[in-house]
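For reference, the structure is listed below as structure tokens.
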Amino acid sequence: MDDALILWYTKNKRSLPWREPGVTAWGVLVSEIMLQQTPVARVEPIWLEWMARWPVPSGLAAVSQGEVVRAWGKLGYPRRALRLHAAAAEIAAHHNDIVPSDVDTLLALPGIGDYTARAVAAFAYSRRVPVVDTNVRRVVARAVHGAGDAGPASNARDMADVEVLLPAADAEAALMSIALMELGAMVCTARTPRCVDCPIFGSCAWQKAGRPEYTGPAKPVQRFAGTDRQVRGLLLDVLRDTDGPVTRARLDAVWADSGQRDRCLDSLLVDGLLEQTDAGLFALPGEH
């Protein structure tokens, strides 16, 4: 699998700014945090703005949490912005403003989980570590196990599955990791896989088995309209579009269901994405 897949990747990889030569590990880390559950097209302009504004962790660490949340814009899941701000502060203070290169040290940073730590180690430092996301799991399920999809995640099993596919050399293994991910994103997609364009078509166990349908547990369908995610976003939009604290009335105007609105406002306060002033106004963190 390795030679054919790596050759395909080198010829067909998407031109993404965080893959350009010279991008630092900090740039890779920022991209990985932003890309979680967020399409590439939405991430790219925000990533470019962030890297121009904060090219090193200490730059981000020096600004307020509120400024970071405002700059996060419409990427969604804004707690990621606070976690990235906290990680930047730790990197600046304890790692000489350089993102660590090994998985265990990365995992010790605030808000950095197993996937992100491994992605940074592999993609920024060419380390031989399995990097497993939804796309990789789907490729492995089909190409190796002959299943239509991966089913429920199992960290130990998924890591072991990818580990055996990686070449021995660090640089080649890192290239294989990103090639597997790119194949799942661009060719071996969930709904309409482009098998005719697949570089490992001839060895794919799913093809050899007659492309059986996936019969495992149904995956939950994520909706957005009317959810707490939407309401939280609307409340944050009010603060992002102003320069200072706002009244409760301004926030109440964005959503008619008072129970849901109050619940979402409380959750934003608990998450540290909003703060309430002594005068009863509401502001982004650090902006009052």
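Report whether or not A249 is among the aliphatic types (A, V, I, L, M), loosely packed, with under 13 Cβ neighbours inside 10 Å, under 27 Å from the mean Cα position of the chain (by Cα) and over 30 Å from L7 (Cβ atoms). No: the conditions fail for A249. State whether the residues of the range 9-19 include one that is small (G, A, S) and exposed (fewer than 15 other Cβ atoms within 10 Å of the Cβ). Yes - at least one qualifying residue is present in the range 9-19.
Just for the range 218-246: of the residues that are acidic (D, E) and surrounded by 12 or more Cβ atoms within 10 Å (Cβ to Cβ), which one is nearest to G280 (Cα to Cα)? The qualifying residue nearest to G280 (Cα to Cα) is D237. Just a yes or no: is a residue in the range 195-205 hydroxyl-bearing (S, T, Y) and surrounded by fewer than 13 Cβ atoms within 10 Å (Cβ to Cβ)? No; the residues of the range 195-205 include none that is hydroxyl-bearing (S, T, Y) and surrounded by fewer than 13 Cβ atoms within 10 Å (Cβ to Cβ). Scan the range 162-207 for residues that are out of contact with any helix residue (DSSP H, G or I) (no Cβ under 9 Å at 6 or more places or on another chain), over 26 Å from F123 (Cβ atoms) and part of a helix (DSSP H, G or I) and report the count. Count: 1. Would you confirm whether or not the range 142-152 contains a residue that is touching an Asp or Glu at 6+ places or on another chain (Cβ under 7 Å) and in a helix (DSSP H, G or I)? Scanning the range 142-152, I find no residue that is touching an Asp or Glu at 6+ places or on another chain (Cβ under 7 Å) and in a helix (DSSP H, G or I), so the answer is no.
Quick grid of which residues meet (1) at pLDDT 95 or above; (2) in the same structural domain as E67 (by TED's automatic domain parsing); (3) at positive phi; (4) among the hydroxyl-bearing types (S, T, Y):
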site	(1), (2), (3), (4)
A88	yes, yes, no, no
A93	yes, yes, no, no
D97	yes, yes, yes, no
G111	no, yes, yes, no
R118	yes, yes, no, no
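Inclusion of T105 among residues that are free of Cβ contacts under 8 Å to residues at least 12 places away in the same chain, more than 30 Å from Q207 (Cβ to Cβ) and in a helix (DSSP H, G or I) is warranted.
The values are calculated or read from the model by the stated rules, or taken from the named source; none is laboratory data. Quantities reported herein were computed from a predicted structural model and do not represent experimental measurements. Cβ sites come from the backbone with ideal geometry, for glycine too, and all protein chains shown count toward neighbours.
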